[in-house]
1. As a check on your grasp of the helix formula, calculate [θ] at 222 nm for the chain: sum -39500 (n - 2.57) over DSSP H runs of n ≥ 4, divide by the residue count, round to the nearest 500.
2. What Kirkwood radius, in Å to one decimal, follows from the Cα pairs of the chain?
3. So for His113, His246, fewest C-beta neighbours within 10 Å to most, what's the order?
4. Which of the lysines could be linked to Lys207 by a straight reach, that is with a Cα gap under 29 Å, when you skip same-chain ones fewer than 8 residues away?
5. With springs connecting C-alpha atoms under 10 Å apart, model the chain as a Gaussian network and identify which of Arg30, Arg82, Arg274 has the largest mean-square fluctuation.
6. Given labels modelled 7 Å from the Cα in the Cβ direction, how far is it in nm from Glu115 to Arg256?
7. What nm distance separates the two modelled labels at Glu316 and Glu211, each placed 7 Å from Cα along Cα→Cβ?
8. Treat each spin label as a single point 7 Å out from the Cα along the C-beta direction, and report the Asp290 to Ser56 distance in nm.
Amino acid sequence: MKRIGVLTSGGDAPGMNSAIRSVVRTAVYRNTEVIGFYNGFSGLLDGNYEEMTRRSVGDIIHRGGTVLRTARCREFETEEGREKAYKKIKELDIGGMVIIGGNGSLKGAKSLHDEFDVPVMGIPATIDNDLAMTDASIGFDTAMNTVLDALNKVRDTATSHERTFVVEIMGRDSGYLALYTGMCGGAESILIPEIEFRLDDVVNNCKAGFERGKLHNIIVVAEGAGKNLKNGGECEQNIGTIIGNHIRSELSVETRVTILGHLQRGGSPTAVDRIISTKMGAEAVDLLLDGKQKKMISYIGNSIVGVDLDEALKKEKNIDMDIYNLARILSL
Ligand code: F6P
């Protein structure tokens, strides 16, 4: 294979840059050229790209975001859009693509293969960590550390003022980030989109905590948890505020709501994210150049392996109920 393409797509995730660096340098080491497309699949459609060299990925290993920039490309969801993308791949004589991103992005990779026989490697990168068949996606560890740092700070002020804090964490459809950070941050309640809950249960949990002598209450809620609020009706937005208001009115305690928002997506990648993204980038190139066609590069039990992309996309990433139950027991 003379030339491969690489792009980042969907929500950015810390570690994308170290994955790009690894893809480019591994390919160059194996005498293969790399075309980097800007703004996700849009760059492929619009011909917005540049040839990448060892030097063009210098000084990026420690940077959050993605130097190739990213986007969610609606046009690529249409048949005409994908046709246009394939034409560009042919025109540039690209023998295979490395797609770095979350669920939607890897589905895009799959369609390039299924519809046009383009060899593809998907690298899972999303702070949501919602892709099946990999223990972690690039960015998850950094986002967890960012959230934990925030939770520690919230805890300081919550204790000083004896307040109840609701901390809203990213995750429209996935509670992974909220669950793990809630457990490691010692949250009293963890509310996620995958598990149904009632506002009154949250209130009772707070009350029981105060009765046991707790000085504060920290409730970690994923932004999409409102979907699973029992009898909640249309409650898909501002779930943190709804919970905070309900606790205040039921228990007459002081509540504050902190929405962490997009700061969770930025920041210098942690060592863990740099290690997995570096290994994933190299594995993606090695598999492509060794003739493999359609894989997701996974991190499983401390190893980096290529798994079947179709299978990975078909499977749901289930919430680890052992972790959920452990977090509940330890919060009592
Ligand atoms: O997929 C990652 C994610 O950060 C989700 O947790 C969040 O709901 C969404 O992206 C936010 O997307 P946007 O950056 O388009 O607002």
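1. After summing the helix terms and dividing by the residues of the chain, the value is -13000 deg cm²/dmol.
2. Radius from the Kirkwood sum: 20.7 Å.
3. Fewest-to-most ranking of His113, His246: His246, His113.
4. Partners within reach: Lys153, Lys227, Lys230.
5. Arg30
6. Each label point lies 7 Å from its Cα, and together they span 5.0 nm.
7. About 3.4 nm, to one decimal.
8. Rounded to a tenth, the inter-label distance reads 2.7 nm.
Every number here is computed from the coordinates shown, using simple stated rules; none is lab data. Not measured: the values here are computed from a predicted model. Neighbour counts run over all protein chains shown; Cβ positions are idealised from the backbone, glycine included.
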